[in-house]
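Accompanying notes for the structure given below.
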Amino acid sequence: MPVNPIYHHTEDKLQEELRWVKYAKEDPKGFEPLYNKYYEQIFRYIYQRMDDKDTAYDVTSQVFLKALNNIHKYEYRGVPFASWLYRIAKSELYQSFRDKKASRTVNVESMHLFEMIEEWDEDKTLENRAKLLKVIEKLNEEEIQMVELRFFEKRSFREIGDILDLTENNAKVKSHRVVKKMRKIFEKIK
């Protein structure tokens with residue numbers, strides 16, 4: 001599966017980000033290019049997982065406030081700066097769910113579901129789409145995260161591992177296990 005170029009960076013882009021991070025560590029004004037580059041991406045990530053737009057804006061603000069306040073703790077791991085932001089976003093999302101400020105949803109586009117169905121060599125029917133939605137409802141939180149990052153956002157295993165605090169190999173293994181589990185559930189649904 002190809003990775004999404006929106007999330008995958010060239011070495012030049014990674015080095016440019018590192019310069020921005022270095023500047024942001026020295027002066028908070030240096031955080032602006034990182035904020036501008038990733039705000040919309042992080043907002044979409046959060047909003048796709050909750051049911052309220054206003055709360056999504058609030059959580060996104062918290063993510064960037066925490067990132068700015070903790071930029072000195074950032075360590076380069078060979079993946080885009082966004083991976084660090086996604087880890088913060090994941091934490092803030094879960095906190096919001098625990099605080100009952102929002103409830104968990106999975107907003108998926110039909111296109112993504114049809115791509116998964118096609119990958120399984122199944123017919124792209126509305127019936128199979130509905131079955132796949134039922135399958136996703138049976139997954140736990142970590143499995144849903146894996147599906148969203150791998151299949152809907154088309155992230156590399158390295159980025160998924162960094163976001164979910166796993167090794168790249170562990171991300172591959174878990175991804176394949178989730179797909180196997182989903183196929184098994186999919187075949188049982190009438």
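The values are calculated or read from the model by the stated rules, or taken from the named source; none is laboratory data. Fair warning: this is a prediction, and the values are worked out from it, not measured in the lab. Please note: Cβ atoms are built from the backbone with ideal geometry, for glycine as well, and neighbour counts cover all protein chains shown. Remember, those area values only see protein heavy atoms, side chains included, never the ligands or the DNA or RNA. Shrake-Rupley method; radii C 1.70, N 1.55, O 1.52, S 1.80 Å.
Things to note:
- Only one entry in Leu85, Leu65 is farther than 20 Å from Glu159 by Cβ and not in a loop (DSSP other than H, G, I, E, B), namely Leu65.
- The set of residues from the range 20-40 being of a type in the set (D, E, K, R) and either open to solvent by 100 Å² or more (accessible area, probe 1.4 Å) or under 16 Å from Ser61 (Cα atoms) (or both) comprises Lys22, Glu26, Lys29, Glu32, Lys37, Glu40.
- Any hit, the range 115-124, residues being modelled with pLDDT of 60 or more, under 20 Å from the mean Cα position of the chain (by Cα), open to solvent by less than 50 Å² (accessible area, probe 1.4 Å) and closer than 19 Å to Met50 by Cα: no
- Reported count of residues in the range 28-57, each being more than 17 Å from Leu14 (Cα to Cα) and without any contact (Cβ under 8 Å) to a residue 24 or more places away in the chain, is 7.
This table checks each residue for (1) over 20 Å from the mean Cα position of the chain (by Cα); (2) at pLDDT 85 or above.
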| site | (1), (2) |
| --- | --- |
| Asp27 | yes, yes |
| Leu34 | no, yes |
| Gln41 | no, yes |
| Gln48 | no, no |
| Tyr74 | no, yes |
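- The number of residues in the range 162-179 being open to solvent by 70 Å² or more (accessible area, probe 1.4 Å) and under 12 Å from Leu139 (Cα atoms) comes to 1.
- The set of residues from the range 152-190 being farther than 18 Å from Tyr45 by Cα and outside any helix (DSSP H, G or I) comprises Leu166, Thr167, Ile189, Lys190.
- Residue in the range 11-22 that is within 17 Å of the chain's Cα centre (by Cα) and either modelled with pLDDT under 85 or among the polar types (S, T, N, Q) (or both) present: no
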